[in-house]
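Worksheet for the structure shown next.
The values are calculated or read from the model by the stated rules, or taken from the named source; none is laboratory data. Worth saying up front: this structure is predicted, and the values here are computed from it rather than measured. When we count neighbours, we look across all protein chains shown, and the Cβ atoms used for this are built from the backbone with ideal geometry, even at glycine. Note: areas computed on protein heavy atoms with side chains; ligands, DNA, RNA excluded. Shrake-Rupley method; radii C 1.70, N 1.55, O 1.52, S 1.80 Å.
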Amino acid sequence: MSTKQTPQTPAPAPVVPGRLTAAAALTALEGLALAGLGVYLLFVGIAGDADSPQQAETGGITVLALAALPLIAARGLRLGRRWSRGPALITQIMAMPVAWTLWTTGGAMIAAAVALALAALAVIVLLVNPTATEALGIGPRDAA
């Protein structure tokens, strides 16, 4: 008797609406920017160019750890995972005070502040949109 196995077809990937994909892309971009800043701070600390190399290195490691949150959330959003909405929204809420701080710094930081605030607002709007919440399986409960 032969125990020949038949190939199983993989389950079809869930259809992710464009709004969710856009939110994932913006969230990933924020995570990549944080990761870039973390690498820069580490490099400055290791090269000894900072006033306090130890503080730069610690800051770099901290920023790299913080970059993980939006990157993981972006992957979850792209895959249509329900859990990913919370971390993505938290990332956007945390970005608002950062944007305000950049704004009050003045100079070239104003452009960065505007870009960060607009990206954060866009992601918030995209994630609370009914299309996105339905795609993630989040919504009002049926009356039992």
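Using per-residue counts of other Cβ atoms within 10 Å, averaged over each peptide, order 21-30, 91-100 from highest down.
Values: 21-30: 21.3, 91-100: 16.7.
Going by the mean number of other Cβ atoms within 10 Å, highest first, we get 21-30, 91-100.
Could you please report the charge total around residue 59, scoring K, R as +1 and D, E as -1 over all other residues with beta-carbon less than 15 angstrom from its beta-carbon? Walk me through the intermediate numbers first.
Details: positive: none; negative: 49, 51, 57.
Value of the local net charge: -3.
Given a 1.4 angstrom probe, I'd like the percentage of the accessible area of segment 75-132 that is carbon and sulfur, rounded to a whole number.
Numbers: 2510 of 3310 Å².
After summing per-atom areas, the C and S share lands at 76 percent.
Regarding segment 45-137, what whole-number volume in Å³ per residue does the convex hull of its Cα atoms give? Can you show the working numbers first?
Details: hull volume 10.0 nm³, N = 93.
Dividing the Cα hull volume of segment 45-137 by its residue count gives 108 Å³.
Label residue 138 and residue 98 with points 7 Å out from Cα along Cα→Cβ: what is the distance between them in nm?
For residue 138 paired with residue 98, the spin-label model returns 1.9 nm.
Quote the relative contact order of the chain in percent (integer), defining contacts as alpha-carbon pairs under 8 Å separated by 6+ residues.
Details: 162 pairs, mean separation 37.1, N = 144.
Once normalised by length, the contact order is 26 percent.
With angles folded into 0 to 90 degrees, how steeply does helix 53-78 sit against the dominant principal axis of the chain? Use alpha carbons for both and round to 10.
The answer is roughly 30 degrees.
With +1 on the Cβ of every Lys and Arg and -1 on the Cβ of every Asp and Glu, and nothing else charged, how large is the dipole of segment 33-100 about its Cα centre, in debye rounded to the nearest 20?
Around 700 debye, computed over segment 33-100.
Could you tell me how far the Cα centroid of segment 39-61 sits from the Cα centroid of segment 92-127, in Å?
Here the two parts' Cα centres lie 24 Å apart.
How big is the C-alpha Rg of segment 60-110 next to the rule-of-thumb value 2.2 N^0.38 Å, as a ratio? Don't jump to the answer; show the numbers that get you there.
On the way: Rg = 13.4 Å, N = 51, 2.2 N^0.38 = 9.8 Å.
Taking the Cα Rg and dividing by 2.2 N^0.38 Å, one obtains 1.36.
Of 15, 124, 101, which is farthest towards the positive pole of the chain's charge dipole, taken about the Cα centre with +1 and -1 on the beta-carbons of Lys, Arg and Asp, Glu respectively?
Farthest towards the positive pole: 15.
Taking H placed 1.01 Å from N in the peptide plane, check which residues at least 5 places from residue 50 or on another chain put their amide H under 5 Å from its amide H.
Under 5 Å from the amide H of residue 50 lies no amide H from a residue far enough along the sequence or on another chain.
At 1.4 Å probe size, with every protein chain present, just tell me what the per residue accessible area of segment 1-126 comes to in Å².
Working: 8200 Å² over 126 residues.
Here the residues of segment 1-126 average 65 Å² of exposed surface.
So what are the ³J(HN,Hα) numbers for segment 91-106, from phi and the Karplus equation (6.51, -1.76, 1.60; θ = phi - 60°), rounded to whole Hz, Gly and Pro as x?
Result, rounded to whole Hz: 4, 5, 5, 5, 6, 5, x, 5, 4, 5, 4, 4, 4, 6, 5, x.
To the nearest 20 Debye, how big is the dipole of segment 29-144 about its Cα centre, given +1 on the beta carbon of each Lys and Arg and -1 on that of each Asp and Glu?
520 debye
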